[in-house]
Amino acid sequence: MDLLNALVALSNFVIIPAIAYGSQLALGALGVTLIYGILRFSNFAHGDTMAFGAMLAVLITWLLQSMGVSFGPLPTALLALPFAILGTMALVLLTDRVVYRFYREQKAKPVILVIVSMGVMFIMNGLVRFIIGPNDQRFSDGERFIISVREFKALTGLKEGLAIKTTQGITVVVAVICVALLFWFLNRTRTGKSMRAYSDNEDLALLSGINPERVVMYTWLIVAALATTAGVLYGLDKSFKPFVYFQLLLPIFAAAIVGGLGSPLGAIAGGFVIAFSEVTITYAWKKVLKYAMPESLEPSSLVQLLSTDYKFAVSFVILIVVLLFKPTGLFKGNSV
Amino acid sequence: MSETTRATALFAAVFAMIALTGFMQSWNVALLILNMGLISAIMSLGVNLQWGFAGLFNVGVMGFVALGGLAVVLTSAAPVEGAWSAGGWRIVIAMLAGAGTIVGTVMVRQRMAKGRARTIATIAILAIGFFVYRAIFDPAVGAVEAINPALQGNLGGLNLPVLVAWPMGGLLAAGVAWLIGKTALGLRSDYLAIATLGIAEIIVAVMKNEDWLARGVKNMVGLDRPVPYEIDLQNTSSFVNRAEGLGLDPATASSLFVKLNYSILFSVVLVIIFVMAQLALKSPWGRMMRAIRDNEVAAEAMGKDVTNRHLQIFVLGSAVCGIAGAMMTTLDGQLTPGTYQPLRYTFLIWVMVIVGGSGNNLGAVLGGFLIWFLWVQVEPMGLWLMEMITAGMPEGSGLKKHLIDSAAHMRLLTMGVILLLVLRFSPRGLIPEK
């Protein structure tokens, strides 16, 4: 019984939050890794693209709510998501046309493109703060829990409760759908295959008649969809705050690099590696150990390896370790 | 237009704009812009050393600036009574234990043959070391933070004059930069960027959370300053007489006098660093650095030690940022770790370097002044613009209020637009590298 309680506590505080967070990171990292694979630079504006997409979703959600539209037990934001994706797609295509294309034609060095993306980051960040302001916005509605602590306790008679938030459930389901669609697209469709070919070997792809501008355009469209979805899911799960998305840049990059830049499968694995390490290292294990260990060995302290304020340090250390010992990442990514 | 006239004209234009601020708004604002402009110029000289000279992509500037600020507290603040005996030494011992663990791990990994035994030994040493460190560290920190927590609860500083803190800020930043460089400099450019981005976040997180160090987010206020206090000046009859002779009231005169003093101090530092950077650029060492930047492989084939030269310039550039950070904290008179944000302290400095002209010290200095001026002045300009746009809207309309409230966020937008325009139409900056 005690071991069961330990398991429930573990799921409640570690496994479920980490899976949700990992899915959000994976979606973000997929965007970063696609840009790196096709356009060959690290996009510093990705966090702010997520913020922009999420902002659109928040605004559309408010509009829908004011019109009295709701999605039953599910958050209205899910209805707003497709429109937000369209808006973000328009924005990234615009930035590509106005900003990035010039440097692509110049065959500028990747590091120049990174600096350019810093400029785009400033603009998007300013835009988001300009439109919605720098404050917290809550936009989740509908049912709060799939299963709440009290229901779970009543159901099982265990001392520990298990809560699954609706947003956590939705995060995982949406992420699975997105990833499935993405892999189907990359592996089965003609455009997807040409994207992979372009990423593997640009010259060969050009020789075989692949239109690079088309590949780039599709990449931006997919990246916009992924970034918006990731941004909305993160915003639903926590809350929408423009500055937080900028800070997500670090774990997202860490996830993409740990998995191997340019490798979609790696980005997903990397997302979960980072999320699980962050949560397990900053979680106070006392509660779980209290059940799992015999009474005589019960820990007196919180058994928290690092305070939660240092969660950035976790992704960073993993990043450095991977870079030093396996520079191409877990799944061999391409390196320029 | 020759290079010199162009540079002179640009500098004259920037200083004319600052002077115009003095005439139109107030001299207080103008001097504030000038002082922070001087500090920004030093920061951008530091980044220019790394990026312009050596092509190192460091986006961790914020961390080194923050370390400079920390150095001010650790050098010039008065020591907290009893803190060292309560737990200070034990914290030092814990730190040594932590460092010893890492050194031990590295040594074991060097000595032992590759294989499962080595992996197990590594993990075992790290795990034991971590728990020993925490066992000494936690109670020591508790003891220090228990001393008068409302006002102190930290170790305090060495009680040295605050001017000593500026080079100390440089030293502290250099030390940390050496540690970081040793591990991260082998990485490719964009990996290095992300690594330094993370390091800066970690440094600021440490400063926010380790209250025993400098009170964390409880902030350190009332730090020493190298110039007289306004209130003392206002109570000095000779100063008041002289101010009245100039036709100023004592309050304004004292605040201008203090700011002018800072301007002079900062200018001296800027000139020293600028001359040193200029000499370095023109020396054989500077030429070697640029050779490495332009073609690493060729430079290595010529027998240049690329890794060590990179480490050297990374440490030097970070030290310059640390000095600037210490100066900034002295100017503010307080250390507030919560205010360090990457957009302001890392990316804005990058805009300064790129806009000014990377690889050119004069350009970096110009970028520092120009971008800082715009950063400050875009807000009132944006507000003015918004009031113009919304002038026709009815009073009390939601959109009007929103637009006027959002004017403050115009500055980020403007910085992005400036950066992109410069990159597009003048990619080598306003004063390009020769």
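Readers should treat all values here as calculations from the given coordinates under stated rules, not as data from a laboratory. Here the structure is a predicted model, which means the values were calculated and not measured. Using ideal geometry, Cβ is built from the backbone for each residue, glycine included, and neighbour counts are taken over all protein chains shown.
Details
- Springs join every pair of Cα atoms under 10 Å in this Gaussian network model of chain A, and among A:L206, A:L323, A:L249 the largest mean-square fluctuation is at A:L206.
- For the Cα trace of the stretch A:16-249, dividing Rg by the Kirkwood Rh returns an Rg/Rh value of 1.03.
- Estimated FRET transfer efficiency (B:R428, B:M381; beta-carbon r; R0 25 Å; 0.05): 0.35
- With the simple spin-label model, which puts each label point 7 Å out from Cα in the Cβ direction, the B:A391 to B:V268 separation comes to 4.9 nm.
- 13 Å cut-off, amide nitrogen to a point 7 angstrom out along A:F185 Cα→Cβ, residues in the stretch A:64-103: A:85-86, A:89-90
- Residue ranges B:12-19, A:137-144, A:225-232, B:71-78 sort as A:225-232, B:71-78, A:137-144, B:12-19 when ordered by packing (mean number of other C-beta atoms within 10 Å per residue, highest first).
- Of the residues B:I120, B:I292, B:I264, the one that moves most in a GNM of chain B with alpha-carbon contacts below 10 Å is B:I120.
- Sequence-separation-based contact order of chain A, relative, with Cα cut under 8 Å and 6+ spacing, percent: 32 percent
- Once C-alpha pairs closer than 8 Å and six or more residues apart are averaged by separation and normalised to the residue number of the stretch A:1-157, the relative contact order reads 29 percent.
- The stretch B:80-155 - Debye-derived log10 I(q)/I(0), Cα point model, q = 0.18, 0.19 Å⁻¹: -0.70, -0.74
- The alpha carbons of chain B give a radius of gyration and a Dmax of 24.5, 83 Å, in that order.
- Per-q log10 I(q)/I(0), the protein assembly as shown, q = 0.06, 0.10 Å⁻¹ (Debye; single scatterer per alpha-carbon; no solvent): -0.41, -1.18
- Helix axis angle, B:410-425 relative to chain B longest principal axis, alpha carbon, degrees: 80 degrees
- Per the Debye formula on identical point scatterers at the alpha carbon atoms of the stretch B:121-164, with no solvent, log10 I(q)/I(0) at q = 0.17, 0.24 Å⁻¹ is -0.67, -0.82.
- Taking Lys and Arg as +1 and Asp and Glu as -1, the other residues whose beta-carbon sits under 10 Å from that of B:F57 total 0.
- Here the stretch B:131-205 has an Rg and Dmax of 17.0, 48 Å, counting Cα atoms alone.
- Between B:W89 and A:S239, the FRET efficiency estimated from the beta carbon spacing at R0 = 51 angstrom works out to 0.70.
- Considering all different alpha carbon pairs of the stretch B:279-434, the Kirkwood hydrodynamic radius works out to 18.6 Å.
- Between 0 and 90°, nearest 10: helix B:306-332 axis offset from chain B longest Cα axis: 50 degrees
- Rounded to the nearest 0.05, the FRET efficiency derived from the C-beta distance between B:R188 and B:Q25 at R0 = 56 Å is 0.75.
- Taking every C-alpha pair closer than 8 Å and separated by at least 6 residues, the mean separation divided by the residue count of chain B gives a relative contact order of 31 percent.
- Choice from A:F145, A:F325, A:F122 showing the highest fluctuation, given a GNM over chain A with Cα pairs closer than 10 Å: A:F325
- Acute angle (nearest 10 degrees) that the helix B:189-209 long axis makes with the longest principal axis of chain B, alpha-carbon atoms: 90 degrees
- Helix runs (DSSP H) in chain A reaching 24 Å along axis by Cα, Kyte-Doolittle at least -1.0: A:16-38, A:46-66, A:77-95, A:110-132, A:166-188, A:212-237, A:242-259, A:264-282
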